[in-house]
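Here's the structure, in structure tokens; my notes come after.
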Amino acid sequence: MIQNSFYMSLLFSAKPGVEDHTEQNKKKKSWVREWTEAVVFAVVVGTLIRTFIFEAFVIPSESMERTILVNDFVFVSKLSYGPRIPMTPLAVPFTNHTMPFTKRVQPFSTSVQWPYKRLPGFSKIRRNDVIVFNYPMGDTVVMNKHFGEEDYYFWARADKGYEAMRENFLPPQYRPVDKRETLIKRCVGLPGDTVYSIQGKLFVNNQPAFEPPAMQAKFTVRMPDKKQVDFAVARRLQFNPQYYLVLDSVTYVYFMTFPQADSLRAMGADVKQWTSDLKNGSIRIFPFKLSDYPWSVDNFGPVYIPKKGVTIPLDTCSLPFYERIICNYEGNTLEKKGDRIYINGHEANTYTFKMNYYWMMGDNRNDSQDSRYWGFVPEDHIMGKAWVIWFSVGEGKIRWNRIFSLIR
């Protein structure tokens, strides 16, 4: 009866013979207004999804091969660890650090900066998760007049220094945390862990680290016929023989997975994992102090990964590891006077960390710029967990076998 009463009330409310001009008097929306409203709605919804639920990325480099390939399109879950509230709210939607089709125009304003805050997520960061994050040392970038964007800190550490090379660069640019370059790596070390590597073998807390089945490395290969790996064989084993080094007339260096190396051995090839032989280390390897830490990409550590609330002894030996944390990531002033260290004007022989930090490495260990080159990743740089490959293309065709595959 209620339903009938409703329709009866509608019937008797109409007044026959009286024409209603209300709708006719309303102005029709122009097509410009309709399109504007549609675009604004799409931008708002897209921004909310991108910020709080998931974001799409395309993989530009080989650092995670063969777990993730170049031109894999991945969805990154913001819900897994909790969405990070924007720290630079005044920005052009769907942009990062540079406006499209420009090299230096920044699509954001730093006049308003919000403190780091993260909403609750479904889980905590776990060891061996594949994570997307902002590049920790991307706060200051310089544009080489001839070769494009370069790492400011690399040139600052160089023998001649940035000042001596200034004429080759445009003025440095500062980028806030959430507008720095985005990277994707595997989290191999959690807060409180200790990591080190011996001859390319990674250890975490004195235990051999997890090695992904598709992890790629460099191998020296000597085929029985003393020639390069045949292209047909390489295609069958699914590795690219076009990327190689020549050590001598019969020895070649290829990037491949460990199962692929085993398959070549089964064919009679002499296959050995290639490791760096830099006995004196490299100035490019963290913590960038060759006199005390002559480390290389394959031989480094041990390194303690800072954990929130933990207090460490602070001296001239430990300072190279944690100076950037104290100054750049946690906002203190630091001064060295001989062997004495002053933080915020007070002499300090200990330091208590305010945030958690992580150690990231690429699955393509011999071709990855990762924590070995720039140290720890602060928790406020974490964007989300790489979740699924939703599209993939390579060699001019769609890689159907990779579409909708989960990232592990």
(Q) Using only the alpha carbons of the stretch 216-273, what is the convex hull's orientation-averaged projected area in square nanometres? (A) 3.3
Q: Please list, or write none, the aspartates and glutamates whose alpha carbon is within less than 13 Å of the alpha carbon of residue 124, excluding same-chain residues fewer than 8 places away.
A: 379
Q: Take the stretch 165-228, compute every pairwise Cα distance, and split them into 10 Å bins from 0; I just need the percent in each bin.
A: 13, 25, 22, 25, 13, 2
Q. In the calculated pair distance distribution of the chain, what percentage of Cα-Cα distances lie above 35 Å?
A. 41
Q. Mind listing the phi-derived Karplus ³J(HN,Hα) values for the stretch 216-222, rounded to whole Hz, using 6.51, -1.76 and 1.60 with θ = phi - 60°, and x for any glycine or proline?
A. 10, 8, 8, 9, 7, 10, 10
Q: Return the subset of 201/272; 201/385; 308/337; 145/185 for which the Cα-Cα distance in this structure is over 20 Å, preserving the input order.
A: 201/385; 308/337; 145/185
Q: Given a cut-off of 27 Å, name the pairs among 103/336; 78/307; 179/289 whose C-alpha atoms lie farther apart than that in the structure shown.
A: 103/336; 179/289
Q: Compute the relative contact order of the stretch 216-273 as a whole-number percentage, counting only Cα pairs closer than 8 Å that sit 6 or more residues apart in sequence.
A: 52
Q: Treating only the Cβ atoms of Lys and Arg (+1) and Asp and Glu (-1) as charged, compute the dipole magnitude of the stretch 276-408 about its Cα centre; round to the nearest 20 debye.
A: 420
Q: Mind telling me which of 291, 63, 30 comes out most flexible in a GNM of the chain, alpha-carbon contacts under 10 Å?
A: 30
Q. Applying 1/(1 + (r/R0)^6) with R0 = 25 Å to the Cβ-Cβ distance of residue 170 and residue 112, what FRET efficiency is obtained, to the nearest 0.05?
A. 0.45
Q) Gap in Å between the Cα centre of the stretch 216-247 and the Cα centre of the stretch 46-61? A) 36
(Q) For the stretch 332-408 and the stretch 270-315, what is the centre-to-centre distance using only Cα atoms, to the nearest Å? (A) 15
Q: Rounded to the nearest 500, what is the 222 nm mean residue ellipticity of the chain from helices alone, with -39500 (n - 2.57) per DSSP H run of 4+ residues and division by all residues?
A: -5000 deg cm²/dmol
Q. When the chain is modelled as a GNM with alpha-carbon springs shorter than 10 Å, which of 57, 147, 239 fluctuates the most?
A. 147
**Q.** Computed over the chain: relative contact order in percent, which uses C-alpha pairs under 8 Å that are six or more apart
**A.** 20
Q) When we measure straight from the Cα of residue 397, which aspartates and glutamates land under 13 angstrom away, once same-chain ones fewer than 8 places off are left out? A) 72
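Any read-out appearing in this document is the output of simple, stated calculations on the displayed coordinates, not a laboratory observation. These numbers come from a predicted model, not from an experiment. Because the Cβ atoms are built from the backbone with ideal geometry, glycine has one as well, and the counts that use them run over all protein chains shown.
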